[in-house]
1. List pairs: first residue in the range 163-183 and free of Cβ contacts under 8 Å to residues at least 60 places away in the same chain, second residue buried (at least 20 other Cβ atoms within 10 Å of the Cβ) and of a type in the set (D, E) anywhere in the structure, Cβ distance under 6 angstrom, at least six positions apart or on different chains.
2. Looking only at residues that are part of a strand (DSSP E or B) and at pLDDT below 95 in the range 201-221, which one is farthest from N261 (Cα to Cα)?
3. So if I check each of G149, G137, which one is under 30 Å from L276 (Cβ atoms), assigned by TED's automatic domain parsing to the domain that holds S166 and in a helix (DSSP H, G or I)?
4. Of the numbered conditions (1) crowded, with 22+ Cβ neighbours inside 10 Å; (2) free of Cβ contacts under 8 Å to residues at least 60 places away in the same chain, F26 fails exactly one; give the number of that condition.
5. Is the range 134-143 home to any residue that is in contact with a His (Cβ under 9 Å, 6 or more places away or on another chain) and without any contact (Cβ under 8 Å) to a residue 24 or more places away in the chain?
6. Hey, any hits in the range 7-15 for a residue that's of a type in the set (A, V, I, L, M, F, W, C) and either assigned by TED's automatic domain parsing to the domain that holds I172 or over 24 Å from the mean Cα position of the chain (by Cα) (or both)?
7. Checking G112 against (1) under 25 Å from the mean Cα position of the chain (by Cα); (2) on the phi > 0 side of the Ramachandran plot, which test does it fail?
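The values are calculated or read from the model by the stated rules, or taken from the named source; none is laboratory data. None of the values given here were measured: they were computed from a predicted structure. In this analysis, Cβ positions are derived from the backbone assuming ideal geometry, glycine residues included, and neighbour counts consider all displayed protein chains.
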Amino acid sequence: MTYQSVSSCMELSIVQLQKIFSPNAFSFFSNRLNSYVIAYNSTLPLTDILYQVFHEIGHIYYGHINPDSINTLSLGLQERAADNFAAFIFSKIGGVKIMKTLTGNEHFTYDGMPVGILLNDFWAWNSSDLLNNTLRGALAEFLVASAIGIDTTVARQDWTPYDLLSNSGRKIEVKCSAYLQSWNTERLSRIQFSIRPARSWDAENDFSENSQRWSDLYVFCLYASKDRNETPLQLEQWEFYVLPTSILNEHCKNQKSITLNSLLALSPVKATYETLSDAIEDLDLGVTPPSNICSDFYISFWVTV
């Protein structure tokens, strides 16, 4: 069942389901149905949904939520077993396992032996210039993800049609700009952001036929400092402007970029790092969600996430 269906049946909002159980999926045994039920977040990418469903099947397979058995394993061991089950199934069907983040302490090896350099050494060499345009864009995505509570232990995916998916299911496009550039120390840069419509891509269907803006909203991230003694690590130097994609579509059509002044003319919600999460969740997207009517459905259940 989707979270939307379970929400109607349990009389809990989707946000409450995500907070109480899991932002991704959970499973339980229903006495009324005399069967197991897997609830999943249908706003996730398809490969994520498949992995989460197989993870929950793993819990069922190992008896973690069987009401007739006593499970003595810790939650951590249960999660590890379910992860291993999902990874095994994906390896058999050719699925893509969700990439977990590395720690930086991994060794480079040659013929199975460490050569004296760590992944952290590469990161420091490659990623220390936070004013670099490409790196700053990824940094902005990370800041938005961390501000709104997205699990950043899962590695960033750069092939999805939007940048981030909030825990409440809002699709977010993140754009970044700055007055200071690593390549230009003589003057401040003019602030503008890309808003180019694009074709989406997935492994099953290749590129979409049409170009559009695929997100529900945009977060425009401005590193506003004009002092090179300051750093993008100082989060108070960042400004965030939140705008529904529908407004961009209405006023900017197929426009490829927008200046800061033009963006401000559209009355975006301005936020700090501290207030960004509320700004995103409280934003009126201008879209009325479909109603979901469900007959009486009372459940007593054992839950695992």
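1. D163/E141; D163/E173; V174/E141; V174/D163
2. D206
3. Just a single option satisfies the conditions, and that option is G137.
4. Result: F26 fails condition (2) only.
5. Scanning the range 134-143, I find no residue that is in contact with a His (Cβ under 9 Å, 6 or more places away or on another chain) and without any contact (Cβ under 8 Å) to a residue 24 or more places away in the chain, so the answer is no.
6. yes
7. Going through (1) under 25 Å from the mean Cα position of the chain (by Cα); (2) on the phi > 0 side of the Ramachandran plot one by one, G112 breaks only (1).
Matching residues to (1) out of contact with any Leu (no Cβ under 7 Å at 6 or more places or on another chain); (2) within 22 Å of A82 (Cα to Cα); (3) free of Cβ contacts under 8 Å to residues at least 12 places away in the same chain; (4) not hydroxyl-bearing (S, T, Y):
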| position | (1), (2), (3), (4) |
| --- | --- |
| M1 | yes, yes, no, yes |
| Q4 | yes, no, no, yes |
| S13 | yes, no, yes, no |
| L17 | yes, yes, no, yes |
| S30 | yes, yes, no, no |
| S35 | yes, yes, yes, no |
| L46 | yes, yes, no, yes |
| H55 | yes, yes, no, yes |
